Amino acid sequence: MEPAPTAAASVPAAVSGTASSEPGQFVAWLRAVAPYIHAFRGRTFVVGVPGELVEAGRLNALVQDLSLLQALGMRIIVVHGSRPQVNAQLQLRGLQSLYADGRRITDPAALECAKEASGELRLDIEAAFSQGLPNTPMAHASIRVVSGNFVVARPVGILGGVDYQHTGVVRKIDTSMIDLAVDAGAIVLLSPLGYSPTGEAFNLSMEDVASSTAVALGADKLVLLADSAGVPDAQGRMLAEISEATAQSLLSAGGLPEALAFQLRHALRACQGGVPRAHIIPQGLDGSVLLELFRHEGVGTMLVKETLQAVREAANDDVGGILALIRPLEEDGTLVRRDRSLIEREVGNFTVVEHDGVIFGCAALYPFPADGIGEMACLAVNPSAQGKGDGEMILQRIEQRARAAGLKQLFVLTTRTMHWFLKRGFVEGSVDQLPQARQNLYNWQRRSRVLVKDL
Ligand SMILES: CC(C)(COP(=O)(O)OP(=O)(O)OC[C@H]1O[C@@H](n2cnc3c(N)ncnc32)[C@H](O)[C@@H]1OP(=O)(O)O)[C@@H](O)C(=O)NCCC(=O)NCCS
C-alpha cells in the first residue's frame, strides 16, 4: 500500500476496480495511476521473488509486471529464491534437507543442488524476460538481464555447535556494477548465492540478499513476495501499514509463522538500514506488485521507515513545548486558542516532531470512530524549521495513526493553509460532511474551510 503521491488529490474510484472497457473509465483509470508513475520514475526497487512463485507457474506473469515497471522508468533489481528447487534437487539425489534452528545446513552435496537450482532458475527467469511476442504484454519489451558475482558472502560458521558449512550470509554487495547495469537500462538479477574472496560459493537466503542489496543501493523500496497475504495483527487482521516499532513488537511477541517472521525481520532490517519502505505482498495473487504499488488500498503490508525517529506521540512532558510552539499562531489567529489544561488533558492526541530534545512541530488527531473520520487539528511547525518536510512528516504520522484506528477519512478546518493541504491529497468539502458532534461546534464566524482526505 502506497499513499497517493501528493498532487493526486484522491485516487478516483475507477482505480479501485479493474480498468473497464468503457473508454471514459479507462481514461480515468490511466490518469489516476499517472501520479504514481511520476513519483516512481528513476526510483530503485529491489524485488525478492521466492522459488515457490516459480514452482507455482507464476513467473511469466510477474516478469510481465516487472517489465512494465522498468518501461515506466523504475530501476529494478530482482533477487530470486530457490528453496523448493533445492529441496527438489536433493530429493532427486535421494538426499535429505538438513536444517538447524530453521536454517539450512549446506553440505557439499546441498551446495551442488543449490548451484544447480540457481543456474536453472536464472535461465528460466532470463528466458521469461526475453519474451517479446506480438499481442502480449512483452511485445517490444526487449529487456536485458544482467547477473554476475555481485554478492560477497561469508560463512555462517559454527553456531551452537552446529557447523552450517556452505550456508552463508551477505558480507558486501558490489553496488557499482549493479548501478552501472540498471543505469544502462538493464534489469539486474541476483541469485541466492554469494562468493567469498577465497573463491568459495555460499548458499544464502533470498531475503538476506534482497534486503542487503536494498540497503547497499539506497533503494527506495524493498518488495518481498511472500506466501502469506501480508502481516497480521494479534487478532489475525491484515495490517496495511506498520511502523518499525510495530514490526519490532510483532516480532518480539513471537506469534507470526516462521517464514513470515523471517521476511518481516529482513524487511525491518532494510528499513533500519535506510530503505524508506518495505512491502510484504502475496506471491499467489496475480499482479500483486502492480496492485501494491499503484493502488491506494494495496494488497499486502507496507513497513514504513520512521524517517525521523524525531516523530513520536506526545507525552505529558511535552505540554510546555507544544504551548510554546502554538501560542504565536494562536495570537495571530492561525490557530484556535487552547488553554494549558485542555492541552494537558488531550496531550495523548498529539503527535510531535522533536529535534535535539526541542519540540519543533505538532498536530493532534481527534477520532470520530462512529463516522469513520478523524480531525487533524493544531498542525504547526516552528517558523525556523518550516519548509524542511516536518509538516508533511507529521501529516503522514497522523494519517498512520488514523488508519490504525480504523478511520477511513481525515478532515481539517483551516483559514490560511488550504493550499498546503490541497497539495497533499485533501479535497474541499463542506460543513455537512463533518460528524454531527463536530458540526455543532463549528465556528461560523471563523468561516474555516473544510478539507477532507480519503485514507
Ligand atoms: C503549514 C505548516 C504546518 C507546514 O509545515 P512545514 O514543515 O513548513 O511543511 P513542509 O516542509 O512539509 O512543506 C513546506 C511547503 O509548504 C508550503 N507552505 C507553507 N505554508 C503554506 C500555506 N499556508 N499555504 C500553502 N503552502 C504553504 C511551503 O511554501 C513549502 O512549499 P515548497 O515545498 O513548494 O517550498 C507550517 O507552515 C505552519 O506551521 N504554518 C502555520 C500554522 C498553520 O497554518 N497550521 C495549519 C492550521 S490548519
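Throughout, read-outs are computed from the coordinates displayed, never taken from laboratory work. The shown structure was predicted, so the numbers you read here are calculated from the model rather than taken from an experiment. Glycine gets a Cβ as well: all are built from the backbone with ideal geometry, and neighbour counts include every protein chain shown.
Which of the three applies to region 311-454, rounded, prolate or oblate, going by the alpha-carbon gyration tensor with a ≥ b ≥ c and a/c under 1.5 meaning rounded?
On the way: a/c = 1.41, a/b = 1.35, b/c = 1.05.
Note, shape of region 311-454 comes out rounded.
Report the paramagnetic label zone for Leu123: residues of region 64-102 whose backbone N is under 19 Å from a point 7 Å from Cα along the Cα-to-Cβ axis.
Those under the cut-off are 80-93.
Report the gain in length on full extension from Trp444 to Arg312: 0.36 nm times residue separation, minus Cα-Cα distance, nm rounded to one decimal. Intermediate results must be reported in sequence, preceding the final value.
Details: separation 132, 0.36 × 132 = 47.52 nm, distance 3.31 nm.
Extra length available between Trp444 and Arg312 comes to 44.2 nm.
Here is the link list: Lys115/Lys221; Lys388/Lys423; Lys305/Lys388; Lys115/Lys305. Which ones come out longer than 24 Å on Cα distance?
Lys115/Lys221; Lys115/Lys305
Within the chain, which DSSP H helices have Cα atoms that stretch 20 Å or more along the helix axis and a mean Kyte-Doolittle hydropathy of at least 0.5? If you can, show how the numbers build up before the last one.
Numbers: long enough: 23-40 (25 Å, 0.69); 108-129 (31 Å, 0.15); 258-272 (21 Å, 0.08); 390-404 (21 Å, -0.87).
Once both thresholds are applied, what remains is 23-40.
Expected output is a single nm value to one decimal: the length gained when fully extending between Ser430 and Ser252, i.e. 0.36 nm times separation in residues minus the C-alpha distance. What is it? Spell out each step's value before the answer.
Values: separation 178, 0.36 × 178 = 64.08 nm, distance 4.47 nm.
Gain in length upon complete extension: 59.6 nm.
Exposure proxy check: Leu159, Leu410, Leu260 ranked by fewest other beta carbons within 10 Å? Each step should come with its number before you reach the end.
On the way: Leu159 12, Leu410 25, Leu260 20.
Neighbour counts put them in this order, fewest first: Leu159, Leu260, Leu410.
Run lengths n ≥ 4 of DSSP H only: what is the helix-derived mean residue ellipticity at 222 nm for the chain, with -39500 (n - 2.57) per run over all residues, to the nearest 500?
Values: 15 runs with 167 residues, N = 455.
It comes out at -11000 deg cm²/dmol, rounded to the nearest 500.
By its C-alpha gyration tensor, with a ≥ b ≥ c as the square roots of the eigenvalues, how is region 384-455 shaped: rounded for a/c under 1.5, else prolate for a/b larger than b/c, else oblate?
Details: a/c = 2.08, a/b = 1.26, b/c = 1.65.
It is oblate, given that a/c is not under 1.5 and a/b is not larger than b/c.
With a ≥ b ≥ c taken as the square roots of the eigenvalues of the C-alpha gyration tensor of region 219-313, please select rounded if a/c is under 1.5 and otherwise prolate if a/b is larger than b/c or oblate if it is not?
Details: a/c = 1.59, a/b = 1.16, b/c = 1.38.
Cα axes put region 219-313 in the oblate bin.
For Gln70, what charge total do you get from the other residues with a beta carbon under 12 Å from its beta carbon, if Lys and Arg give +1 and Asp and Glu give -1?
On the way: positive: Arg41, Arg43, Arg75, Arg144; negative: Asp65.
My count for the surroundings of Gln70 gives +3.
Just rank Tyr195, Tyr164, fewest to most, by other beta-carbon atoms within 10 angstrom. Don't skip to the end; give the middle numbers.
Values: Tyr195 16, Tyr164 22.
Least to most surrounded, the residues fall as Tyr195, Tyr164.
Of all DSSP beta bridges in the chain, what percent run antiparallel (nearest 5)? Spell out each step's value before the answer.
On the way: 43 of 73 bridges.
Given both bridge residues lie in the chain, the antiparallel proportion sits at roughly 60 percent.
Starting with the highest mean, order 76-83, 298-305, 145-152 by the number of other Cβ atoms within 10 Å, averaged over the residues of each peptide.
Values: 76-83: 25.2, 298-305: 23.2, 145-152: 18.0.
Highest mean packing first, the order is 76-83, 298-305, 145-152.
Residues with beta-carbon under 15 Å from that of Ala259, excluding Ala259: net charge, scoring Lys, Arg +1 and Asp, Glu -1? Write out the running numbers ahead of the final one.
Numbers: positive: Arg83, Arg103, Arg104, Arg265; negative: Glu52, Glu55, Asp101, Glu207, Asp208, Asp227, Glu258.
Local net charge: -3.
Would you mind ranking Lys423, Lys115, Lys221 so that the residue whose beta carbon has the fewest other beta carbons within 10 Å leads the list? Please report the intermediate quantities before stating the final value.
Values: Lys423 12, Lys115 18, Lys221 22.
Ordered from fewest to most neighbouring Cβ atoms within 10 Å, Lys423, Lys115, Lys221 come out as Lys423, Lys115, Lys221.
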